[in-house]
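Have a look at the structure below before the remarks.
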Amino acid sequence: MIEAMPWPDLGDLLRLVSHPIPPRDEKLAQPWMLEGDRPTWLSRSSWGMAALARVVAEKTGREARIGLPEYFCEQALWPLRRERPLLHFYPVDERGWPDWEKLEGQGPPPDLFYLVHYYGHANDHARARAFCDRTGALLVEDATHALGPDSEIGLDGDVVFYSPWKFFPTPNGALMLVRPRGAALIAPLAAVLASMGRGVAPGLQWIKAAARLMAAGDRTGGWTRQASDFFRGLPIEPMAVRPLASPVSKPVLARQDLAEVARRRRENDAALRRRLLEIPGWAPFDPVPSQAPMRSAFRTQSPEQTAEAYVALRRAGIQADGWPTLPPEVLERGSSGVRLRRTVLNLPCHQGLTPERILAAVDRSGLGGA
């Protein structure tokens with residue numbers, strides 16, 4: 001099976017026993033920080049999004065106006081919607097970049113403008129920075145699909161979110177960084193997060209499950225080859241109010257070599273690009289390879305071709321996926337987000353895999369006559 005996420009190895013579990021006390025939060029966050037950043041560790045970035053909205057609402061005395069791309073995950077918005085902000089979903093192009101001509105003529109400017117670096121590919125950050133400087137919006141870089149900052153990711157935002165749990169074998173763990181130019185947010189954000197409760201995301205159950213699967217030689221996490229309907233989004237689940245990262249996550253994150261992880265992910269992504277881009281109708285989600293891809297993402301020429309590839313890859317044991325479950329506001333009117341959701345397919349390329357193992361599974365799928 002080519003599973004979606006790397007599962008913990010024996011070293012990860014031994015780390016929890018031998019080094020159960022992680023480094024201080026700021027030291028742990030160093031690989032993601034720039035000079036002057038203030039870090040806050042969360043279970044999920046969604047709780048930081050909700051906190052930002054409340055801070056803006058308390059400052060302005062009205063609902064926060066938030067600009068989000070149409071290609072966005074509805075599940076991630078669950079905590080934010082509880083704050084009752086005014087959400088505006090802006091159109092994007094085929095690589096997820098804002099459609100600036102349409103965006104700039106739509107209503108009052110947002111208080112918070114989210115720019116998403118999809119699958120680890122840099123988005124149009126310079127123009128987003130200029131847009132926010134002109135309108136007075138705070139620029140929030142959603143780098144939750146990025147391993148860490150690079151020459152084009154994580155540099156321009158007033159606030160930046162990362163989600164290390166999407167790259168490493170941990171039960172949770174997200175990072176909110178507030179830049180020096182957003183220093184006025186630090187105290188009110190801390191107060192809002194404290195008011196949400198001190199609930200810590202659990203980790204003991206995750207340790208037990210990981211140990212049990214390791215003993216059984218099962219690295220699938222219960223995933224099966226059965227392919228569901230590609231076009232059906234996952235149900236939205238209420239999220240327990242546990243905004244803080246599990247203490248289990250931090251010791252595991254402390255032992256990771258980000259440079260080596262990035263290298264292995266690039267290697268696997270390059271192998272998938274070479275093989276799958278030989279198939280007529282296939283194109284990369286972004287023509288510029290990511291420096292550290294979360295997933296290898298591709299577009300096909302039609303929803304039908306995407307759905308057929310999804311079924312073939314799943315039957316071959318590759319946990320291919322569509323992403324995400326879109327917000328209802330986007331589904332109701334049809335949108336660029338709907339178009340991407342129906343024609344973009346992503347495949348695992350994580351550091352626990354090798355090019356040979358991935359390509360052998362692709363060959364089993366029969367795609368492209370392999």
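The values are calculated or read from the model by the stated rules, or taken from the named source; none is laboratory data. A quick note: this is a predicted structure, and the numbers were derived from the prediction, not measured. Note: ideal-geometry Cβ built from the backbone for every residue, glycine included; neighbour counts use all protein chains shown.
Which members of region 166-206 meet the condition of being outside any helix (DSSP H, G or I), more than 21 Å from residue 144 (Cα to Cα) and in contact with a strand residue (DSSP E or B) (Cβ under 8 Å, 6 or more places away or on another chain)?
Matches in region 166-206: 198, 199.
Here is a yes/no grid of residues against (1) in contact with a Leu (Cβ under 7 Å, 6 or more places away or on another chain); (2) under 22 Å from residue 123 (Cα atoms); (3) in contact (Cβ under 8 Å) with a residue 40 or more places away in the chain; (4) surrounded by fewer than 21 Cβ atoms within 10 Å (Cβ to Cβ):
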residue: 234; (1), (2), (3), (4): no, no, yes, yes
residue: 241; (1), (2), (3), (4): no, no, yes, yes
residue: 246; (1), (2), (3), (4): no, no, yes, no
residue: 249; (1), (2), (3), (4): no, no, yes, no
residue: 256; (1), (2), (3), (4): no, no, yes, yes
residue: 266; (1), (2), (3), (4): no, yes, no, yes
residue: 272; (1), (2), (3), (4): yes, yes, yes, no
residue: 279; (1), (2), (3), (4): yes, no, yes, yes
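Go through region 91-121 and report how many residues are surrounded by fewer than 24 Cβ atoms within 10 Å (Cβ to Cβ), outside any strand (DSSP E or B) and of a type outside the set (Phe, Trp, Tyr).
14
Answer with yes or no whether residue 196 is crowded, with 16+ Cβ neighbours inside 10 Å and at pLDDT 75 or above.
Against the criterion (crowded, with 16+ Cβ neighbours inside 10 Å and at pLDDT 75 or above), residue 196 qualifies.
Report, by residue number, each residue of region 64-90 that is farther than 21 Å from residue 239 by Cβ and either among the hydrophobic types (A, V, I, L, M, F, W, C) or surrounded by fewer than 20 Cβ atoms within 10 Å (Cβ to Cβ) (or both).
Scanning region 64-90 gives 86, 88.
Which of the residues spanning region 322-353 are closer than 21 Å to residue 228 by Cα and in contact with a Leu (Cβ under 7 Å, 6 or more places away or on another chain)?
Those that are closer than 21 Å to residue 228 by Cα and in contact with a Leu (Cβ under 7 Å, 6 or more places away or on another chain): 322, 325, 327, 337, 338, 341, 347.
Scan (1) more than 20 Å from the chain's Cα centre (by Cα); (2) at pLDDT 95 or above; (3) of a type outside the set (A, V, I, L, M, F, W, C) for the single condition residue 266 breaks and write down its number.
Condition not satisfied by residue 266: (1).
Within region 54-68, is there a residue that is among the charged types (D, E, K, R), within 25 Å of residue 131 (Cβ to Cβ), in contact with a Phe, Trp or Tyr (Cβ under 9 Å, 6 or more places away or on another chain) and in contact (Cβ under 8 Å) with a residue 24 or more places away in the chain?
Taking every residue of region 54-68 in turn, none turns out to be among the charged types (D, E, K, R), within 25 Å of residue 131 (Cβ to Cβ), in contact with a Phe, Trp or Tyr (Cβ under 9 Å, 6 or more places away or on another chain) and in contact (Cβ under 8 Å) with a residue 24 or more places away in the chain.
Only residues that are part of a loop (DSSP other than H, G, I, E, B), of a type in the set (S, T, N, Q) and within 26 Å of residue 271 (Cβ to Cβ): list them for region 323-370, please.
Selection gives 351, 354.
For the structure I just gave you, tell me whether residue 154 is among the small types (Gly, Ala, Ser), crowded, with 17+ Cβ neighbours inside 10 Å, outside any strand (DSSP E or B) and modelled with pLDDT under 95. Spell out how you get there, then give the answer.
Details: among the small types (Gly, Ala, Ser): yes; crowded, with 17+ Cβ neighbours inside 10 Å: yes; outside any strand (DSSP E or B): yes; modelled with pLDDT under 95: no.
So residue 154 does not fit the description; no.
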